[in-house]
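The values are calculated or read from the model by the stated rules, or taken from the named source; none is laboratory data. None of the values given here were measured: they were computed from a predicted structure. As a convention, Cβ positions derive from the backbone with ideal geometry for all residues, glycine included, and neighbour counts pool all protein chains shown.
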Amino acid sequence: MESNLHDQTNSTATKLKKVAPSNAQKKLERRMQYFLSRADVLIGGLRPWDITVHEPDLYRRVLMQGSLGLGEAYMDGWFDVERLDEFFFRVLRSHLYREVRHVWAAKALKLIGTLTNRQSIRRSRIVGEKHYDIGNDLYEAMLDKRMVYSCGYWKDAKDLDEAQEHKLKLTCDKLGLKKGQRILDIGCGWGSFAKYAAENYGVEVVGITISKEQARLATQRCQGLPIEIRIQDYRTMTPKKDGTFDHIVSIGMFEHVGPKNYRKYFKVARSLLKDDGLFLLHTIGSTRISTPDPWTDRYIFHGGILPTIAQVAYGAHDLFVLEDLHNFGVDYDKTLMAWYHNFITAWPKLKEKYDERFYRMWTYYLLCCAGAFRARHIQLWQFVFSKDGVVGGYQSIR
């Protein structure tokens, strides 16, 4: 499998015309090697995380364009790495990215985010169209049998299906679901939580998503169960129109909310939650205030941005009591590698619809994220909130 994958990944690169590097390019190569050596990465080395360069202008492109140039160069076949996940683990663990990232692109996104609301109701639909609506066939092939597009819980799990089932059970148990309760799922995806909770705990679920394709397939998968799937933005929900809920869950959606909307998000959640209910928030997070990565923003998650714990606390302050906080970000590394394995296994069929540049883009996305979680550069948090504090205290579940 590794050999076949390496051949597939190199197929674009072999089409590039071989050009001898100029003196200027050699100088930039030496500069790039100086940086990479601090992350124990060699240009032309033989280890799985070393890079093989096919286009001498790569160094200028990366030094001038940072992460955007690096990602696009990989998509264009300008370089290859046998283990991209290990390459990113070393680069991010060494904090090398702080010195070579593209300043103007990061500053431009930060400025745009300051002056405008990139996650407005109108703009929020863009990520649905560009990411979640690209093809249910892709996600069915890549994800587990329940189609959970978020971090699995690998404690005591032997494979992806078990890890995702354990995560769903963990989430339900943290909420203390009881038969007959009414649950709101903000960002319901393909209905995995809703279906699991309805089947195993006897609850009713209202799931909302901004993705037409997610809503269509989720409705099919949840047929016959007390589940309602809606295409709806959370900001349009009110107690008068939608009623209140015994509990609220939001899994892998908060990354799309944006700092300008954190207070609104928590205010809406509080207004829809019954006084004795719990609200579980499951989100990727960062240990530092971040701006969107230019490559990820352009090709994967338009307008996405990771919150810090301080930003979550700001959004929830005086609205909720934090009952529990659980970090299992290391499990996202395993989850992403399992998705990657499923993706490359299914590629012979998927390539009938998706082209080679998409293959390299999706490979880059999955493996750079796996490396980032492995380096502990980003985290995965589950918060449990109550409106006014659980009388007698909340019992943590792991």
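In the set ARG376, ARG298, ARG398, which member is out of contact with any Asp or Glu (no Cβ under 8 Å at 6 or more places or on another chain) and at positive phi?
Of the residues listed, the single one that is out of contact with any Asp or Glu (no Cβ under 8 Å at 6 or more places or on another chain) and at positive phi is ARG376.
If the requirement is being in a helix (DSSP H, G or I), small (Gly, Ala, Ser) and modelled with pLDDT of 95 or more, which of these qualifies: GLY71, GLY66?
From the options GLY71, GLY66, the qualifying one is GLY71.
From the residues in region 185-229 that are assigned to a strand (DSSP E or B) and of a type in the set (D, E, K, R), which one is farthest from PHE254 (Cα to Cα)?
GLU204
Within region 263-283, can one find any residue that is of a type outside the set (Gly, Ala, Ser), modelled with pLDDT under 95 and in the same structural domain as ASP185 (by TED's automatic domain parsing)?
Scanning region 263-283 turns up no residue that is of a type outside the set (Gly, Ala, Ser), modelled with pLDDT under 95 and in the same structural domain as ASP185 (by TED's automatic domain parsing).
Taking region 218-237 on its own, how many of its residues are closer than 10 Å to VAL205 by Cβ and either of a type in the set (D, E, K, R) or outside the structural domain of PHE193 (by TED's automatic domain parsing) (or both)?
So the count comes out to 1.
So which residues in region 192-215 are in contact (Cβ under 8 Å) with a residue 40 or more places away in the chain, out of contact with any Gly (no Cβ under 6 Å at 6 or more places or on another chain) and under 20 Å from GLY128 (Cα atoms)?
Matches in region 192-215: SER192, PHE193, THR209, LYS212, GLU213.
Which one is farthest from the chain's Cα centre (by Cα) among residues in region 164-201 that are surrounded by 23 or more Cβ atoms within 10 Å (Cβ to Cβ) and of a type in the set (Gly, Ala, Ser)?
Here the answer is ALA197.
Tell me which residues, restricted to region 27-60, are surrounded by fewer than 19 Cβ atoms within 10 Å (Cβ to Cβ) and in a helix (DSSP H, G or I).
Answer for region 27-60, where residues must be surrounded by fewer than 19 Cβ atoms within 10 Å (Cβ to Cβ) and in a helix (DSSP H, G or I): LYS27, GLU29, ARG30, ARG31, GLN33, TYR34, PHE35, SER37, ARG60.
Mind listing whichever residues of region 304-347 are in a helix (DSSP H, G or I), over 28 Å from ASP159 (Cβ atoms) and either touching a Gly at 6+ places or on another chain (Cβ under 9 Å) or among the hydroxyl-bearing types (Ser, Thr, Tyr) (or both)?
Of the residues in region 304-347, the ones in a helix (DSSP H, G or I) are 309-316, 330-347.
Next, only the ones that are over 28 Å from ASP159 (Cβ atoms) stay: 309-316.
Of everything in region 304-347, those that are in a helix (DSSP H, G or I), over 28 Å from ASP159 (Cβ atoms) and either touching a Gly at 6+ places or on another chain (Cβ under 9 Å) or among the hydroxyl-bearing types (Ser, Thr, Tyr) (or both) turn out to be ILE309, GLN311, VAL312, TYR314.
Restrict the check to region 171-184 and report whether at least one residue is among the polar types (S, T, N, Q), within 15 Å of VAL249 (Cα to Cα) and in a loop (DSSP other than H, G, I, E, B).
Just the residues of region 171-184 that are among the polar types (S, T, N, Q), to begin with: 171, 181.
Within this subset, residues satisfying the condition of being within 15 Å of VAL249 (Cα to Cα) are 171, 181.
Subsequent filtering for residues that are in a loop (DSSP other than H, G, I, E, B) retains 181.
Looking through region 171-184, at least one residue is among the polar types (S, T, N, Q), within 15 Å of VAL249 (Cα to Cα) and in a loop (DSSP other than H, G, I, E, B).
Kindly provide the set of residues from region 308-355 that are closer than 20 Å to ASN136 by Cβ, β-branched (Val, Ile, Thr) and surrounded by fewer than 19 Cβ atoms within 10 Å (Cβ to Cβ), ordered by number.
Across region 308-355, the qualifying residue is only THR345.
Name the residue that is nearest to VAL62 (Cα to Cα), counting only residues in region 279-307 that are surrounded by 18 or more Cβ atoms within 10 Å (Cβ to Cβ) and of a type in the set (D, E, K, R).
Taking the candidates together, the pick is ASP293.
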